[in-house]
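Comments concern the structure below.
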Amino acid sequence: MQVDDTIVAIATPLGAGGLGMVRLSGSQARSIAERILRFPAASAWQAWHARPAELTDAQASVIDHVVATFFAAPRSYTAEDVVEICCHGSPVVLRHAVERAMEAGARLAEPGEFTLRAFLRGRIDLPQAEAVRDLIEATTLYQARVAAQQVAGSVSRRLAPIKEKLLELIALLEAGIDFAEDDTGVASDAAILARLAGIEAGAGELARSFQYGALVRDGLSLAIVGRPNVGKSSLFNRLLERDRAIVTEVPGTTRDVVSETAAIGGIPVKLHDTAGIREAAGAVEALGIERSFQAMADADLTLVVIDASAAPDAEDRGLIERARSAGPALVAANKSDLPRSVAPLPEAILVSALSGDGIERLRQAILDAVAPAGALAPETGFLTSLRHEQLLRECERWLGKARAAVGAAIPHEMLLLDLYAALQPIDAITGGTTADDILNRIFSTFCIGK
């Protein structure tokens, strides 16, 4: 990939729309824009200013009336000269603008190349670049807020003191080796172990944050199971906040798994409404019940729904035990608005899909069941990338080896090898020592115009 070329791409989604954008980046961005656009009057480009223009064809005929905005290096997204041409959102017009730019000397951008150039020119670091993709793919406002914090450098800010402490320890030991002829120890084993403990604690805490960060980025799946006519579909619709599943008073209405995604606490949760579990009355119902059990086995969390107005029977208790044996499970006692002659199960969450009573408690219980209590605020920075979590775990392993080396009185020259090995995964997160194949793998998942 030649990063000194001027590149061009459509930066808005495919399909027709009111507006669409074509982005140019590189040293020739302005001159190429001048060859494909016709401005009403000659004037110098001004950074961060928009100019009306006409997009023309090879015969100088007007194709569209556009607005061209210029961002001068280094105060642009890529830290290069950037021109963004805002056209009407016709795919034909946008494609024509790209083709004209390529005829004038631009090259079609590779996937993620705009963000790659921003990284290579120091505009952003690697965690920020990866967060750009997460921001584009966000499906809830909370996901977008977390990604925006990471684009602003929240993860990098948490990594910085960990790396700084590790570098300080490396420098301390290197100094001790340099002045070995003085026969004076620069740091005692206790001091080295104390420094290692602080570094390990910081790396471990950040690595553990991925448990919650993975939920924020990828969401979770929730299977709603129970006997017929306990209100599973009504509860499904209430959590979804719209009528998606058919609800009737006839037991066994749901014969297949119905799936939709809802946002609970800002986390995307894929809800699976399943067929009522009982002794099947036919082949179709039997198949639906089998799919209910499969959904329960595949889900991250199972919600067993029972009837709060009736005493739980052996089938309810058996289903609860089966759900718990498959993984995390909650029990919701629906129809709490109806009179009750018996006390509900102590572990059951009383809810009413009809009135909405208890629904917020249920939503919170769903989050508490799969996320650590007191989840980190987005401003503190937590990991949403499996690559980052694995690299920090690798850093922890090398720090553990270094700690063992101190206990075994290994010479500092050998101890430094472990410390340098612990530094490499941190550099791989921030991009300090990242190989080309890692960069290509990361940026190849971006859309063309980003």
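The values are calculated or read from the model by the stated rules, or taken from the named source; none is laboratory data. What you are looking at is a predicted structure, and each value in this text was computed from that prediction instead of being measured. In this analysis, Cβ positions are derived from the backbone assuming ideal geometry, glycine residues included, and neighbour counts consider all displayed protein chains.
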Review point. Which residues, counting only those in the stretch 112-143, are farther than 20 Å from Pro13 by Cβ and of a type in the set (Ser, Thr, Tyr)?
Key: Tyr142
Check your understanding: Taking the stretch 301-323 as the search range and keeping residues that are under 25 Å from Asp337 (Cβ atoms) and without any contact (Cβ under 8 Å) to a residue 60 or more places away in the chain, which one is nearest to the chain's Cα centre (by Cα)?
Key -> Ile320
Review point. Given the conditions (1) under 31 Å from the mean Cα position of the chain (by Cα); (2) part of a strand (DSSP E or B); (3) modelled with pLDDT under 95, which single one is not true for Arg51?
Key: (1)
Practice item. Give me a count of the residues in the stretch 6-33 that are surrounded by fewer than 17 Cβ atoms within 10 Å (Cβ to Cβ) and either touching a Pro at 6+ places or on another chain (Cβ under 8 Å) or of a type in the set (D, E, K, R) (or both). Key: 3
Exercise for review: For the stretch 11-48, enumerate the residues that are modelled with pLDDT of 90 or more, farther than 24 Å from Val132 by Cβ and touching a helix residue (DSSP H, G or I) at 6+ places or on another chain (Cβ under 6 Å).
Suggested key: Ile32, Ile36
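Take the conditions buried (at least 23 other Cβ atoms within 10 Å of the Cβ), among the polar types (S, T, N, Q), in a loop (DSSP other than H, G, I, E, B) and touching a residue at least 24 places away in the same chain (Cβ under 8 Å) and apply them to Thr78. Does it pass?
So Thr78 fits the description; yes.
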